Amino acid sequence: MATALGSLPSASSSPTTTPSIPANATLGRHLARRLAEVGARDVFTVPGDFNLTLLDELEAEQPSGGGVRLVGCCNELNAAYAADGYARAGRGVGACAVTFTVGGLSAINAVAGAFSENLPLVCVVGGPNSNDYGSNRVLHHTIGLPDFSQELRCFQNVTCYQAVVNNLEDAHEQIDTAISTALKESKPVYISISCNLPSIPHPTFSRHPVPFFLSPRLSNQMSLEAAVEAAAAFLNKSVKPVLVGGPKMRVAKACKSFVEMADASGYPIAVMPSAKGLVPEHHSRFIGTYWGAVSTPFCAEIVESADAYLFAGPIFNDYSSVGYSLLIKKEKAIIVQPDRVVIGNGPAFGCILMKDFFHALASRLKKNTTAYEFQMQYGSIGWSVGATLGYAQAAKDKRVISFIGDGSFQVTAQEVSTMIRWAQNNIIFLINNGGYTIEVEIHDGPYNIIKNWNYTGVVEAFHNGEGKCYTAKVRTEEELKKAIEASLGPNKDCLCFIEVIVHKDDTSKELLEWGSRVSAANSRPPNPQ
């Protein structure tokens, strides 16, 4: 009689009866060791009945022994947001572990955001018992159909690899392939693990994981040399060139070589809003954020009046271009993507790594001195609270400062309690202006007004006498100054939450301009049919 795909081995051949297999040679503990190896030493979790045994195994592989630490979150969306923030902090990979469907589909919005931002994130889902696959049974946590692939089909659109682990024989291969793909593609991956498998010893997990050998991506040397020669000729003949950093510098790991090129050339440096924090803003030639009509004062004038500009990993969407209103010309631009260079209207050069291109170009440019994090692409409200948790958990050497709107805070506020639980000393400025002001400036309506909370009271309730927490409610510049001094002084080891109460119409001229332009782009009439 044939054995159904994914069923457990019979008792006579069960690996649990083989005494030579170490007790810790389990799928769950292998996963813990793999995640730790690639940098995800904190896994953001929400328990559910399908992932409880998996969490036991992850918990058993302690960080001191090369494993991971579980950071329990208030909901799955926030857990995946935290994994997003963790990945941004330069730890390599972010990871979350949730339960089947009700957990996975809650997390998927954050996973989609990580996909849009080219972040390596491992979303692990505790799946159905392996014996239930192909059984035509209806399970809880599903939509009532004997089909367990709904969650998988949803994740196929927002991950670069999907693994459904429902038998032990190929579990090692599937897990390793998924994680290595996340590293290679710098995108999220999905791993579903049957709930009855994580704690069973199996010979494929009997050794500590050997470090991944990922074949390094290399530039085509002929293409690189040709691109450098053409770019150098293009830029060296310009009188007032400028460099503009974009968000794809992160995935290309080219931030350091971008600064190297800037140092060698002497060109002014700007960043697109979605690249804020990727270039040191204390650099002597940093001129601000280039965002069209809402740029840092004088930054747009410098960029748009340049006779040549190099954009490093840009994404030109309706938000970053302020309703497609950037005054730049293709014939004056060098566009450098992670593996491609286009100079003016042409030529184009492929198979070139961005970091190699910048490093080589730095030595060919004539000196010419004439001249933090933000989810811009996906723009998911509530992202910042969870991302702050994850980033701070990874970047222990930094103190994270977040500016969060009241509307966004109401979506994911619970994770401030997790920050306090894990003794984070973040400084959060809560901007209380009574609603979704950014939406007001695009298109106003009564739906943009929200119920006002006592935000410091909410955080004090989260604190509840456990941990270190400082709150302040400020209405004036002097009160704000005192709150900042308190946060940097006697409360430097505390989670500091400063509620800044401002008038609903107290916005910058840049936001007004940005909103009007995005509104105009959104409200364009349909083209004639």
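The values are calculated or read from the model by the stated rules, or taken from the named source; none is laboratory data. Worth saying up front: this structure is predicted, and the values here are computed from it rather than measured. We place every Cβ from the backbone using ideal geometry, glycine too, and count neighbours over all the protein chains shown. Each accessible area value is taken on the protein alone, full model and side chains, heavy atoms only, with ligands, DNA and RNA left out. Shrake-Rupley method; radii C 1.70, N 1.55, O 1.52, S 1.80 Å.
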(message) Filter segment 486-505 down to the residues that are closer than 17 Å to Cys469 by Cβ and of a type in the set (D, E, K, R) and list them by number.
(response) Lys492, Asp493, Glu499
(request) Out of the residues in segment 217-256 that are in a helix (DSSP H, G or I) and of a type in the set (D, E, K, R), state the one that is farthest from the chain's Cα centre (by Cα). (result) Glu229
(request) Identify the residue in segment 291-323 that is open to solvent by 30 Å² or more (accessible area, probe 1.4 Å) and over 15 Å from Val244 (Cα atoms) and, among all such residues, is farthest from the chain's Cα centre (by Cα). (result) Pro297
(message) Please go through segment 438-474 and give me each residue that is modelled with pLDDT of 95 or more, open to solvent by less than 40 Å² (accessible area, probe 1.4 Å), polar (S, T, N, Q) and not in a strand (DSSP E or B), ordered by number.
(response) Thr456
(request) For Ile381, work out the one condition from (1) part of a helix (DSSP H, G or I); (2) out of contact with any Lys or Arg (no Cβ under 8 Å at 6 or more places or on another chain); (3) of a type in the set (A, V, I, L, M, F, W, C); (4) open to solvent by 10 Å² or more (accessible area, probe 1.4 Å) it doesn't fulfil. (result) (1)
(request) Can you tell me which residue within segment 391-437, out of those that are assigned to a helix (DSSP H, G or I), in contact with a Gly (Cβ under 6 Å, 6 or more places away or on another chain) and of a type in the set (A, V, I, L, M), is farthest from Thr471 (Cα to Cα)? (result) Val411
(request) Determine if segment 72-87 includes at least one residue that is of a type in the set (A, V, I, L, M) and touching a Lys or Arg at 6+ places or on another chain (Cβ under 9 Å). (result) no
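Is one or more of the residues making up segment 257-267 of a type in the set (D, E, K, R) and either over 24 Å from Trp291 (Cα atoms) or part of a strand (DSSP E or B) (or both)? Spell out the reasoning first.
Going residue by residue through segment 257-267, those that are of a type in the set (D, E, K, R) are 260, 263.
Now restrict to residues that are either over 24 Å from Trp291 (Cα atoms) or part of a strand (DSSP E or B) (or both): none.
No, segment 257-267 contains no residue that is of a type in the set (D, E, K, R) and either over 24 Å from Trp291 (Cα atoms) or part of a strand (DSSP E or B) (or both).
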(request) For segment 480-504, name all the residues that are over 28 Å from the mean Cα position of the chain (by Cα), among the charged types (D, E, K, R) and farther than 14 Å from Ile431 by Cα. (result) Lys481, Lys482, Glu485
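I'm checking my understanding of the structure. Among residues of segment 324-374 that are aliphatic (A, V, I, L, M) and assigned to a loop (DSSP other than H, G, I, E, B), which one is most open to solvent (accessible area, probe 1.4 Å)? Walk me through how you get there before you give the answer.
To start, the set of residues in segment 324-374 that are aliphatic (A, V, I, L, M) comprises 326-328, 333-336, 341-343, 348, 352-354, 360-362, 365, 371.
In the following step, the residues that additionally are assigned to a loop (DSSP other than H, G, I, E, B) were identified as 326-328, 352-353, 365, 371.
Values: Leu326: 31, Leu327: 120, Ile328: 51, Ile352: 1, Leu353: 20, Leu365: 18, Ala371: 64 Å².
Result: Leu327.
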(request) From Lys184, Lys240, Lys248, Lys253, grab the single residue that is open to solvent by 50 Å² or more (accessible area, probe 1.4 Å), touching a strand residue (DSSP E or B) at 6+ places or on another chain (Cβ under 7 Å) and among the basic types (Lys, Arg). (result) Lys248
(request) Answer with yes or no whether Ile179 is touching a His at 6+ places or on another chain (Cβ under 8 Å) and either within 21 Å of Glu59 (Cα to Cα) or acidic (Asp, Glu) (or both). (result) no
(message) Which pairs turn up if I take residues in segment 31-53 that are more than 15 Å from Tyr86 (Cβ to Cβ) and of a type in the set (Lys, Arg) and look for partners that are in a loop (DSSP other than H, G, I, E, B) and open to solvent by less than 10 Å² (accessible area, probe 1.4 Å) with beta carbon separation below 7 Å, at least 6 apart in sequence or on another chain?
(response) Arg33/Gly67
(request) Spot the failing condition for Lys504; the list is (1) under 30 Å from Asp397 (Cα atoms); (2) assigned to a loop (DSSP other than H, G, I, E, B), and only one is missed. (result) (1)
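Looking at segment 196-210 only, could you name the residues that are in contact with a Pro (Cβ under 7 Å, 6 or more places away or on another chain), assigned to a loop (DSSP other than H, G, I, E, B) and over 16 Å from Asp176 (Cα atoms)?
If we filter segment 196-210 for residues that are in contact with a Pro (Cβ under 7 Å, 6 or more places away or on another chain), which is where we start, we get 200-203, 206.
After this cut, where a residue has to be assigned to a loop (DSSP other than H, G, I, E, B) as well, the list is 200, 202, 206.
Hit for segment 196-210 is Ile200, nothing else.
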